[in-house]
Structures are given as structure tokens and as C-alpha cells.
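**Student:** Can you read through this structure? Questions will come right after.
The values are calculated or read from the model by the stated rules, or taken from the named source; none is laboratory data. Just so you know, these numbers come straight off a predicted model, no measurement behind them. When we count neighbours, we look across all protein chains shown, and the Cβ atoms used for this are built from the backbone with ideal geometry, even at glycine. Surface areas here come from the heavy atoms of the whole protein model, side chains and all, with no ligands, DNA or RNA. Shrake-Rupley method; radii C 1.70, N 1.55, O 1.52, S 1.80 Å.
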Amino acid sequence: MTDAQLWLAAIEIGAFFSLIALGMYLVVVGADFFNFAMGPYAMAAAMASSWVAINYGLALWIAMPLGIAVAVALSILTEKLVVKQVQKRSGRGELPALVAVTAVLFGIQQLAGTVFGRTPLPGQKIFDFDPISVLGATVDSSTVVLVVGTAAIFVGIGLWLNRSTSGRLLRAVGDSPDAARVLGLPVDRVRLIAFTLAGVIAAVAGLLFAPKAGVQFTSGLSWTLTAFIALVIGGTGRSWAPLIGGMVLGVVQVFAPYYFGASAAQTAILLIALVFFAFRPEGLLSRKVRV
């Protein structure tokens, strides 16, 4: 495990999945709900951006914000029209809303395939410069943007959650939504903030990762499942916990096939998920509810 290029690939994959897991984390913390449509948000943003850039020749400064807007709109609609309405009718039960969001996941995938096409699209590079060599690994512009962007987002979200009034309010509401309602806190507005930020982060994740591997309408499901496992591994105790889970999965996805064959990554990830579900369901960093 000394090949620098393999470690770089693991960091790239880990950064991507940790970003989607971070979006899930925000919804868990702010709305006490697992939003399994995060992967399709990322996919839709990347496909929308590439599709308009390729077919209409739009500049990146227009195409990428459009992709982000698509993901944010989908996230807000998921909260307003699906999660909130289903929870209201089911007595705030979580299972009916999870089933509904799963249907949203597949619905977004099919809609993206219909609108943007069913063939893979290349991602759009934000910056483009010649590859550089770092510790024996070849680093291209997409890798730099992905890694630096991931670090900046995690730092920004961590500072916002811990130092801003709205960030602390989001954590307080997520700790006990019912108590927050009794105290007159703006629970619905806080939930909307959580879903909106999650949509932005998912969109950025898709836009930053698409230049590395391309994107197709079926990508959303696998992205969601892997990001969810990253969140399970890292836990919800800290805002940077999804980064730990994402990096663990990045290492597994790169090195397991390298040493044990092409199908080893899926098997290893499944085993890791089973171990955490059985013995440490709260993840490496568990969440403490303030009272």
C-alpha cells in the first residue's frame, strides 16, 4: 500500500462520498431524518450542468449555478411536498417518509434520464492546468479542485454549526424537534435550511467529482448507498465525522480491488456496513443530545 497514485485515488473517492454524507448529516442534525435522495441530487446537478454546457454552449459560470439550482430545488421540493406532508399524515412516523423518499430517489433518476439522456456525460472542469507531480503521484486540476473544495466545505460547515446563531439553532432543533416546537422555535424554517444546504453540498459534490468519472442517470442510487455507509461509519457526533467515513470507504474502494479482485470492494463495503450496524450503529463519533 505504498503506491502514491492509489492513495490519491482513495482521497478523491473519499472526498466525494464524504461530501454527500455531509449533506445527509445536515438533514439528520437539523430535521432528524435520513434523506436518501442525496445521491440523485448530486447526479442531477452534474448532468444538468454538463447537458446545458454541451448542448447549448453555456459558459461554466452559468451552467454550474444552474446545476446547483436544480439540486437545491429538488431538495426543497422533497422536504415541502414529500417528507413534511408524509410525516404530517403519519403522525411524524419515519418509515413512511423514508419509503416516500426512496420513491423520490428513483423518480429523480428516471426524470434525469428522460431530460438529459441515458448515456454518460463528461463532467465540466472548473479549472484546467497541466498535471503536477506530488510525492510520486500525478495530480490533475480536477483532483486539486475536488480535494480543496471538500476541505473548504467541511471547514465552513463546521464553523457555521458551532459559531453562528443559525447553526446552533439547527443543532438545537434537531436534538429535540418536539421540545423546539413547544419553545416556539422556527422548526419548519430550520428544516428548510437543512434541506437547502444539503442540496447545495450534494450539487457541489456532483460537480466536483463528475470531471473525474463522468456521470449518468443511474449514478444516484450507488452514490446514496455509499454515502449513507460513510455516514454510518463516521457517525453524527461531529460535522467532520462524515469525512472519516468517506475516507475509510475511499481506501476500501481503491485497495480492495487492487489486492483481491474487481468484486472485492462491494464485498468489503458490505462487511464493514454489517459490522457497524451490528456492533457500532452510532458510528465512530456518536451524537450526544443536549438537555
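**Student:** Just to verify a result, which residue in the stretch 118-170, among those that are in contact (Cβ under 8 Å) with a residue 24 or more places away in the chain and of a type in the set (K, R), is surrounded by the fewest Cβ atoms within 10 Å (Cβ to Cβ)?
**Tutor:** Ranking the qualifying residues of the stretch 118-170, first place goes to R118.
**Student:** Which residue pairs have Cβ atoms under 9 Å apart, sit 6 or more places apart or on different chains, and have a first residue in the stretch 277-291 that is modelled with pLDDT of 75 or more and a second that is open to solvent by 70 Å² or more (accessible area, probe 1.4 Å)?
**Tutor:** Close Cβ pairs satisfying both conditions: L285/R238; L285/W240.
**Student:** OK, next. Looking at the stretch 132-154, which of the residues that are of a type in the set (A, V, I, L, M, F, W, C) and not in a helix (DSSP H, G or I) is modelled with the highest pLDDT?
**Tutor:** Across the stretch 132-154, the extreme among qualifying residues is V139.
**Student:** Residue by residue through the stretch 245-275, note down the ones that are in contact with a Gly (Cβ under 7 Å, 6 or more places away or on another chain) and free of Cβ contacts under 8 Å to residues at least 60 places away in the same chain.
**Tutor:** Hits for the stretch 245-275: nothing passes.
**Student:** When the stretch 45-71 is examined, which residues are found to be in a helix (DSSP H, G or I), open to solvent by 40 Å² or more (accessible area, probe 1.4 Å) and aliphatic (A, V, I, L, M)?
**Tutor:** I54, L60, I62, L66, I68, A69, V70
**Student:** Next question, about the same structure. Among what's in the stretch 176-195 and is buried (at least 17 other Cβ atoms within 10 Å of the Cβ) and either modelled with pLDDT under 90 or among the polar types (S, T, N, Q) (or both), pick the residue that is farthest from the chain's Cα centre (by Cα).
**Tutor:** Per the stated criteria, the residue is A180.
**Student:** Please list, ordered by residue number, the helices (runs of 4 or more DSSP H) wholly in the stretch 155-226 having 2 or more residues that are basic (K, R).
**Tutor:** Ranges flagged: 165-175, 187-213.
**Student:** Which of the following residues is farther than 23 Å from T78 by Cα, touching a residue at least 12 places away in the same chain (Cβ under 8 Å) and open to solvent by less than 50 Å² (accessible area, probe 1.4 Å): G237, G206?
**Tutor:** So the residue among G237, G206 that is farther than 23 Å from T78 by Cα, touching a residue at least 12 places away in the same chain (Cβ under 8 Å) and open to solvent by less than 50 Å² (accessible area, probe 1.4 Å) is G237.
**Student:** If a residue has to be closer than 30 Å to L146 by Cβ and in a loop (DSSP other than H, G, I, E, B) to count, how many in the stretch 72-131 make the cut?
**Tutor:** Residues that pass the stated criteria total 14.
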